[in-house]
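*Asks:* Okay, here's the structure, questions in a sec.
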Amino acid sequence: MLKRSYYYLLATVTLSSFGDVFGLLAMEWIVYELTASKLAMGAMALCFSISEVLFRLLGSPLSDRLNRGKFMSGLVVIRLAALLIPLTMSIAGHLHIWHLFIAAALSGACSALFMPTAMAVIPGVVDKHQLIRSFAVIDGARNASALIGPALAGALIALAGSLPTLGVNAACYLLALTALLYMPTIHQQAVSNVTFSFKKYIQDIGEACSFYRKFPAMLTIMVMVSISNMSSIAVWTMMIPFVREVLHKNAATMGTLTSASAFGTLGGLLIISKLGEFKKRRVVMLCSLATIGLSYVLLGAFPSYPFALLILCIAGAAGPFFGVLSSSLHGTLVPVSLQGRVNSIRFLIGGGLQPVGAFAGAAIAERFGIPTLLLTIGLLPIFCSIAASFLPNLKFLDGDLSKLKKEESFS
């Protein structure tokens, strides 16, 4: 029963991620074709990021208080409804840019709660010694979708336009919803206690935040993730203008570059799943962060298509060494009853600077050019990893965590 639940969850995440790739690329391409403005693309990313940040904070208790399977199903329905706004308006010939902004905001709000809830399910449906591999498989499935999806989406946009691409996204969401509806019941604590109390709601958020007070090194880790994600969102928001204006290529090339990054990520995940547990987690995570930053610097210094394929593949391969280890640390140290709330706060911290990265990156690219943006934004993760290497509280990340968990267990 537990294995079936995990595989249905895996199918849901995979289908949702595959659809996201098609929908995101299609909407970004539509915005660029309608406006040819980097600031407009930054504004759409800002709509997504702001709603994502707000709902990660305000909605963090929901994944622990509600039935997680039903909650995820509801989120998929809302995401499908959000996608239908630009899809139907485009079919009717009345599509405006604000339709895309509304869809992005709704999608961001649902995304804020969907993945933390999915991640909260994993520790309850797999054995503890399988946590790293289970998180790696989920991340691998997401990135396999990101590997195949962009090339197919880019080719579909080049051949048939953005409308059929949005249709593929809708079909994927319907299949993901079907997988969720057939998933065996997920048992969790306190699902029946759904009486709303504002005081209790705030207390739930406070309990999630208390995890980072008990484990300050994990807060440091998430601050580093936030800086890295700010850099990444600044780069990827400007990737379509980079392809069109710097590389002078089309939508198919955009899909190929995204697939190169996903291919590298998949390779990194395969290595992690083979190696299993790491003892020197701190060194691995900091080197991963520095490699991502260096990749962006090199991409700005040598902007050519073959080199971009190579460098984005390397950056993609470096990412999972930080991400999977962070997920496994949270899965090990966070009590099951707090998994949903802590994951929401975790993603909130990790994505808190993304709105800044999205709009500031667009403004820098508009004013100084995309290569300058890549050169400057890549320095942030490098400096961050160097500074973090001198922090003594990160040493606890190495070695056996079971004793630490017992000492700092929640009452």
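FYI, it's all coordinate maths here, none of it is from the lab. It should be emphasised that the depicted structure is a prediction, and the values quoted were computed from it without experimental measurement. Don't worry about glycine lacking a Cβ; one is built from the backbone with ideal geometry, like all the others, and counts go over all protein chains shown.
*Asks:* Listed highest first by mean packing, meaning other Cβ atoms within 10 Å per residue, what order do 95-102, 113-120 come in?
*Replies:* Details: 95-102: 16.5, 113-120: 24.1.
Per-residue mean Cβ counts within 10 Å order the peptides as 113-120, 95-102.
*Asks:* Then there is this: Pairs K274/K395; K3/K199; K70/K280; K214/K279; K3/K70: which are spaced more than 27 Å apart, C-alpha to C-alpha?
*Replies:* Going by Cα-Cα distance, K3/K199; K70/K280 fall outside the 27 Å limit.
*Asks:* Just order 18-26, 287-295 by mean Cβ neighbour count inside 10 Å, highest at the front, would you? If you can, show how the numbers build up before the last one.
*Replies:* Numbers: 18-26: 26.3, 287-295: 22.3.
Result, highest mean first: 18-26, 287-295.
*Asks:* Within the set of other residues whose C-beta is less than 15 Å from the C-beta of Y8, count the net charge using Lys and Arg as +1 and Asp and Glu as -1. Show your work: numbers first, answer last.
*Replies:* Numbers: positive: K3, R4, R68, K70; negative: none.
Around Y8, the surrounding residues sum to +4.
*Asks:* Report the gain in length on full extension from S37 to K395: 0.36 nm times residue separation, minus Cα-Cα distance, nm rounded to one decimal.
*Replies:* Gain on extension, S37 to K395, equals 124.3 nm.
*Asks:* Next up: Which peptide among 149-162, 226-239 comes first, and what is the full order, when sorted by highest mean count of other Cβ atoms within 10 Å?
*Replies:* Values: 149-162: 20.4, 226-239: 23.8.
Per-residue mean Cβ counts within 10 Å order the peptides as 226-239, 149-162.
*Asks:* If you don't mind, there's one more thing I want to ask. Return the calculated 222 nm mean residue ellipticity for the chain, to the nearest 500 deg cm²/dmol, obtained by summing -39500 (n - 2.57) across DSSP H runs with n ≥ 4 and dividing by the residue count.
*Replies:* Computed mean residue ellipticity for the chain: -27500 deg cm²/dmol.
*Asks:* I want the local charge near E245. Using Cβ-Cβ distances under 12 Å, sum +1 for each Lys or Arg and -1 for each Asp or Glu among the other residues.
*Replies:* +2
*Asks:* State which stretch of the chain is the longest one without any exposed GluC sites (Glu not before Pro), exposure meaning a DSSP loop state and at most 14 other Cβ atoms within 10 Å.
*Replies:* Result for the longest clean stretch: 1-276.
*Asks:* Next question. L310 to A92: extension gain in nm, 0.36 nm per residue of separation minus the Cα-Cα distance?
*Replies:* Gain on extension, L310 to A92, equals 74.4 nm.
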